[in-house]
Amino acid sequence: MLIILATIFTFVGIGLGIITGLIPGVHVNTVSFVIVSSQAAIIAFSLGILASFSPSTPQVLALISALIMGCVVSHTFLNFIPSTYLGAPEGETALSVLPAHKMVLEGKGYEAILISAWGSLGAAVLALALLIPARLVMGPPVNFYIILSSYIILILFSVIGVLVMQEGRSLFDIKPKLVAIGVFFLSGLLGFILLAPTALYSNTWVPISQEGVSPATLMFFPLFTGLFGISNLLISLMDNPTIPDQILEDVEVDLESKNQFRAIVSGTLSGGMVGWLPGITAAAATAVTSLFTSEEDGEEVQGREYIMAVSAVDTSCAIFTLLALFIIMRARSGAMQSVLQLNHGNIDPWVSISFMPWLMALLLYSVILASAVAFCLTLYFGKLFSGLHKKVKYSTMSKSIIIFLIVMIFVFSGPLGLFVGLVATCIGLIPPLYGVKRVHLMGCIIFPIILFFLGWNRAILVLFGL
């Protein structure tokens, strides 16, 4: 009976994943945050509607976690659709945009969606196939995670260096690199201030009280919404592209098997870094993935391979963060942090290869189900969006979403959250306006982690009078 209920809850999660995936600016972490902050009401409601099945509280929490996994996985498939069709710039700037946008401007947007869907599905299959190897390598007997943890600072600095050096047209193009470093430190300092245990939250007021949720956690919502959501929507309002009719019939992935294999493997392994290392995000893993493309291939082949690899990274991240939760008992994403908080005290580590914790098995079932369903949904909505973007006034939709996000920030984070969101939005506008990658905004997480491992937290707090 539990598996049937898990199927139902997973489908509800997939429905939420459709919303978060197809509406720009609404992230899956927003849903996870709302679920955790409203967990008492959700648990009571779930116990009420499931009363005839007499589930225990841990089982209800597991079902809510299955809902989150369904949302997370389906989001990684579907979020490529709006970023492809709705993010396309003016035609004259096509040479400076992402491969998917170039394909849209050539009438090949649906092929880009098809490539993305296969990349995500391939990553899901490969990540699940690596389930036992990951357990043996990262956990006992190899315990490679313990070895890696000794070099986290070096790894983080290496990733930062790679991301910064990718900016500019050449190695000696200094200005974009300096802007990238500036964005990293600005977002990093903001993240550090919000994470630091200071008197900043002593008089914080929120309209809806969230029991068991720390003030710092409340500020994460406006932080990420401002850095990546509202700022992106504001930038999109500046463009008014003319998009041609899209080819929808007899569309196939125009990419050789070797390129597809390389894209899925590199994307899956790069995404796997997120599951094990603190501070490494899907955005950073995506940037690292671009290093694996072959310069011998033409620009079109490289573009298609990049699309497939990027999609593989996103889905791989979702699955490997789940594995990490049960292998090293660490939450490496907002969604997994929500699962950890919901099931506090009920998460057993995966100790024996032959015996998987029941909660982990249930959530992996949700991953498999959501991957299969989301693949089909991506193809369906990919075709639907190919014509819908001409019927919907994008500026009106973007403004509506911005207002919705501002209201949500106030409801869950109060006036202080609005201020944090404003500052985060201003910082989030810098990368697109100055032509550098948004990935440097992840300094909001990486910078505080570096300071923590270096033991400089107290010195920085004293320096800024916090």
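Read-outs throughout are calculated quantities, based only on the coordinates presented, and are distinct from any laboratory measurement. Everything numeric here is computed off the predicted structure, so don't read it as measured data. Cβ placement follows ideal geometry from the backbone for every residue including glycine, while neighbour counts extend to all protein chains displayed.
Details
- Each residue in T30, T7 was given a count of other beta-carbon atoms within 10 angstrom of its own, and listing them fewest first yields T7, T30.
- Separation of alpha-carbon centers, the range 316-351 and the range 393-439, rounded to whole Å: 29 Å
- Contact order normalised by residue count of the range 2-463, Cα under 8 Å, 6+ apart, percent: 31 percent
- Using θ = phi - 60° in the Karplus curve 6.51 cos²θ - 1.76 cosθ + 1.60, the 3J(HN,Hα) couplings for the range 400-408 round to 5, 5, 4, 4, 4, 5, 5, 4, 4 Hz; x is entered for Gly and Pro.
- Here is the size of the range 2-463 from its Cα atoms: Rg then Dmax, 21.5, 68 Å.
- Pairs with C-alpha atoms separated by more than 27 Å, drawn from the list K175/K393; K102/K391; K258/K391; K177/K399, are K175/K393; K258/K391; K177/K399.
- Here the peptides 140-153, 396-409, 100-113 are ranked by packing, the mean other Cβ count within 10 Å, and the order with the highest first is 100-113, 396-409, 140-153.
- Ranked by how many other Cβ atoms sit within 10 Å of their own Cβ, fewest first, the residues T321, T286, T268 fall in the order T286, T321, T268.
- Placed amide H near R330: partners under 5 Å, 5+ positions off or other chain: L325
- Euclidean distance of C-alpha centroids, the range 135-157 and the range 1-77, integer Å: 32 Å
- Since only A361, P141, F192 are under comparison, the one whose Cα sits farthest along the positive direction of the charge dipole of the chain, derived from C-beta charges on Lys, Arg, Asp and Glu, is F192.
- For peptides 161-168, 247-254, 11-18, sequence by mean Cβ density within 10 Å, most packed first: 11-18, 161-168, 247-254
- As a proxy for reagent exposure, ranking L130, L171 by other Cβ atoms within 10 Å from fewest up yields L171, L130.
- If the chain linking K399 and F261 were pulled fully straight, counting 0.36 nm for each residue of separation and taking away their Cα-Cα distance, it would gain 45.7 nm.
- With K and R counted +1 and D and E -1, the other residues having a Cβ less than 10 Å from that of G267 yield a net charge of -1.
- Packing around the peptides 220-228, 53-61, taken as the average count of other Cβ atoms within 10 Å per residue, puts them in this order, highest first: 220-228, 53-61.
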